[in-house]
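Written below as structure tokens is the structure these notes are about.
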Amino acid sequence: MSPVPNPTIVFTSNPQGVPVPGEHLVYRNDITIDPDHVPLNGGILTKTISLGVDPYLRNRMYYEYKPNTPFLGHGVGVVIRSENANYQVGQHIHTPDYPFAHYAVFGADANLRVLKEEGLPWTTYLGVLGLAGQTAWVGYRAFAHAKKGETIYVSTGAGVVGSVICQVAKAEGLRVISSAGSDSKVEFLKELGVDVAFNYKKQDIATVLKENGGVDIYWDNVGGKALETAMGCMNKWGRVIICGFISEYNLSPSEYHGNQSMLQVLVKNLTISGYVVFDALDKFGDFNFWSEVPTLVKEGKLKVKEQVSNNLEDSMQMLVDSLVGTNDGKGVIALK
Ligand SMILES: NC(=O)c1ccc[n+]([C@@H]2O[C@H](COP(=O)([O-])OP(=O)(O)OC[C@H]3O[C@@H](n4cnc5c(N)ncnc54)[C@H](OP(=O)(O)O)[C@@H]3O)[C@@H](O)[C@H]2O)c1
């Protein structure tokens, strides 16, 4: 085979504020690859199946990517050539360092996981069976210390992390309050069985939480002012789980809101747990994630909403949409 096009998203520079497609991330369709002859040096060549557009990639822009290199994120590919006995042609692999490109070469020491065929779409491994799903599952088990009948408030409830938390908490007999930034997302929360679903752009968060008797567990995906508001509505002995702070991902630290709520921690005997999923997995294990969650997904007991595009170029706008909330479901690229 002679060289074929290998369209690629290239990272150029770390933006101040929200990334601009075509400026900080550029779609290059002039790059080629020769699948038969590209050197593998003991590694593998994959054809890309799906790529996950996670808002946390914005954070990786601050410290990880080098200018004018392929943009990396969570991806699934099928092995089409292998010089590594651990990976066979036809197997599907997942890695958090997948180049946003149609083909990828991974060296002999790349961080790859061979996926078991579960009879689920490969895009699932980028959402509910991916980083976000594990973040929710492990964080809830490790830090919520939930008791039946308690009230949990989940911000950004329609995202993957939030929607998994809402469903797990509901299944365990908690009363679930959750917010999202559009009416269509609120409808999705209702479909998940959330008891009190509201649009935080239309309704005041503190009013809703107080009207509903306060909060025993606050699952924070947002940070900033929303965190402070929720902390003001906590019940005594409540738990606050700091999972993300998406409202500030596009700000520099000097612009962060700060938090005036430490007095709440004292007078209400609150416990605050922050965590990075990889550290939590190392410390606590995966709480049977792989033996339980795929089955829950297959049985329709854990649902997430995806927004799928077959065009790699769309990944740049999808990232922006997830960072400003104009998405409607977890962004995934599914390539043929
Ligand atoms: N701790 C960890 O190890 C770990 C690992 C993975 C992810 N996370 C974090 O977990 C959170 C959820 O992750 P996810 O992958 O499931 O993403 P996600 O919830 O789909 O995140 C995107 C959503 O965030 C909301 N958002 C965007 N800008 C906002 C703003 N200024 N204020 C309030 N909400 C805003 C929007 O929803 P609305 O329209 O509803 O506002 C948007 O659709 C993120 O903060 C992520 O960084 C943490």
Based on the mean of other Cβ atoms within 10 Å per residue, sort peptides 134-145, 24-35 so the most packed one is first. 134-145, 24-35
Give the lysines whose C-alpha is closer than 22 Å to that of Lys336, dropping any in the same chain fewer than 8 places away, or say none. Lys47, Lys116, Lys305
Please grab the % of Cα pairs in segment 106-153 that end up more than 19 Å from each other. 50
Cα centroid separation - segment 259-326 against segment 191-225, whole Å: 17
Amide H of Gln307: which non-local residues (sequence gap of 5 or more, or other chain) have their own amide H closer than 5 Å, using H built in the peptide plane? Lys330, Gly331, Val332
Quick one: Karplus J couplings for segment 62-68, per residue in order, coefficients 6.51, -1.76, 1.60, θ = phi - 60°, nearest Hz, x for Gly and Pro? 5, 10, 10, 6, 9, x, 6
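Counting only other residues whose beta carbon sits under 15 Å from that of Lys66, what net charge do I get with K and R as +1, D and E as -1?
My count for the surroundings of Lys66 gives -1.
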Expected vector for segment 191-208, Karplus 3J(HN,Hα) from phi with 6.51, -1.76, 1.60 and θ = phi - 60°, integer Hz, x for Gly and Pro, equals 4, 7, x, 4, 6, 10, 10, 8, 8, 5, 7, 10, 10, 6, 4, 4, 4, 4
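Under the rule of -39500 (n - 2.57) per DSSP H run of 4 or more residues, summed and divided by the residues of the chain, what mean residue ellipticity at 222 nm is obtained, to the nearest 500 deg cm²/dmol?
Values: 10 runs with 91 residues, N = 336.
Rounded to the nearest 500, the figure is -7500 deg cm²/dmol.
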Sort 194-204, 274-284 for me by packing, meaning the mean count of neighbouring Cβ atoms within 10 Å per residue, highest on top. 194-204, 274-284
Amide H within-cut-off set for Asn235, under 5 Å, with H built and near neighbours excluded: Val215, Asp216
Segment 149-200: radius of gyration over Cα atoms, expressed as a fraction of 2.2 N^0.38 Å: 0.95
Over the Cα atoms of segment 134-282, what is the Rg over Rh ratio if Rh follows Kirkwood? 0.93
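How high is the relative contact order of segment 221-290, in percent, counting Cα pairs under 8 Å that sit 6 or more residues apart?
Working: 68 pairs, mean separation 28.1, N = 70.
The value is 40 percent.
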Taking only Cα atoms of the chain, radius of gyration then Dmax in Å: 20.7, 70
By how many degrees, between 0 and 90 and to the nearest 10, does the Cα long axis of helix 160-171 differ from the longest principal axis of the chain? 50
Treating every alpha carbon of segment 76-181 as one equal point scatterer without solvent, the Debye formula yields log10 I(q)/I(0) values at q = 0.15 Å⁻¹ of -0.73
Amide H contacts of Tyr103 (H built 1.01 Å from N, under 5 Å, at least 5 apart or other chain): Thr48
Can you tell me which of 79-92, 233-246 comes out highest on packing, and rank the rest after it, using the mean Cβ neighbours within 10 Å? 233-246, 79-92
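Each reported figure results from applying straightforward, stated rules to the coordinates on display, with no laboratory input. Computed from a predicted model, the values in this text were never measured in an experiment. Here the Cβ is made from the backbone with ideal geometry for all residues, glycine too, and neighbour counts use every protein chain on show.
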